[in-house]
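A short write-up of the structure that comes next.
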Amino acid sequence: MALTVTYPSFSSLLTCAKRERKFTVHASATSTSTEKVELRVCVNRTCARQGSRETLLTLSGLAPPGLSVVSCGCLGRCGAGPNVVVLPKGELLGHCGTPARAAEVLAWVCGPNFDPGTNLEALGLRKRAEVALAKGNAAEAVALLSQAIELNPYGGLHVLYNTRSAAKLAMGDSAAALLDAKKACEIATSFPQGYISQGDAFLAMEECNSAEEAYATALNLDPSIRRSKSFRARVTKLQEKLMAVNASS
């Protein structure tokens, strides 16, 4: 019996509705446990000169799922920068110009479960792994990321699994890559990059319908990725594979 596969139109994958994101962090800095906590980092000229863009990257890399970290304009008190404001309470924190200080901020926001030293060590291992992966050393990247995962950091664990998924896929182990991508989404259910990684693994395994579903979920969570060249390239590759299956059936 001939296999019939329906492949998606490019526009259908790029027109998903955005879901409401679920907040999962219960922070000491919040007024109630159900409010969404957001850290805004000033990247205006004075704070930027004092290292606020590096602070933004560090906070983003250490933040647990559900804790939003974004850039913003001037918060005042420029002489005490780099400045970070914690919403919704509006607490303004100054002198946030080092990774250690950024980790202290997250420890205050997240409570005693967040250990600054452990989380910074895991982040450092992840950065080394990303460099190794960019150089084509996927096995080294997997080893470094496995060390970081063993530390069980409070923040960024989902990113570690997702990055290891990419490294395992680069090694040709698509089944293991899929497991790591699923683990990332289990930790952070509203993590679009995790679903993209699932789609990549499914695509490598020639499971095109599952890849389509994973990519669509990522778009539903973050419609802005439709503008990403890398994502559009993924969709094009998916279409080509599905067309090839139809042509051979």
Checklist entry - In this model, which of LYS135/LYS229; LYS36/LYS168; LYS36/LYS229; LYS36/LYS135; LYS36/LYS182; LYS183/LYS229 are farther than 28 Å apart at the alpha-carbon? => result LYS36/LYS168; LYS36/LYS229; LYS36/LYS135
Checklist outcome for this item: Taking LEU123, LEU75, LEU179 and counting other beta carbon atoms within 10 angstrom, the fewest-first order is LEU179, LEU75, LEU123
Checklist entry - From the phi of every residue in region 43-50, what ³J(HN,Hα) in whole Hz does the Karplus formula 6.51 cos²θ - 1.76 cosθ + 1.60 yield, where θ is phi - 60° and glycine or proline is x? => result 10, 5, 3, 5, 5, 4, 5, 8
Item to check | Built amide H within the under 5 Å cut-off of SER71, gap 5+ | outcome: VAL41
Next on the checklist: Given Cα positions, please report Rg to Rh for the chain, the hydrodynamic radius being the Kirkwood one.
Outcome noted: 1.03
Checklist entry - Which whole-number percent is the relative contact order of region 163-248 (Cα, under 8 Å, 6+ apart)? => result 21
Checklist outcome for this item: For region 151-158, in residue order, the Karplus 3J(HN,Hα) values (coefficients 6.51, -1.76, 1.60; θ = phi - 60°; whole Hz; Gly and Pro = x) are 5, 6, x, 5, x, x, 5, 5
Next on the checklist: Per residue of region 200-214, what does 6.51 cos²θ - 1.76 cosθ + 1.60 with θ = phi - 60° give for ³J(HN,Hα)? Whole Hz please, x for Gly and Pro, Karplus curve as stated.
Outcome noted: 4, 5, 4, 5, 5, 8, 6, 9, 5, 5, 5, 5, 4, 5, 5
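Values in this text are rule-based calculations from the coordinates and carry no lab data. Everything numeric in this text was worked out from a predicted model, so none of it was measured. Cβ coordinates were reconstructed from backbone atoms using ideal geometry, including for glycine residues, and neighbour counts include every protein chain displayed.
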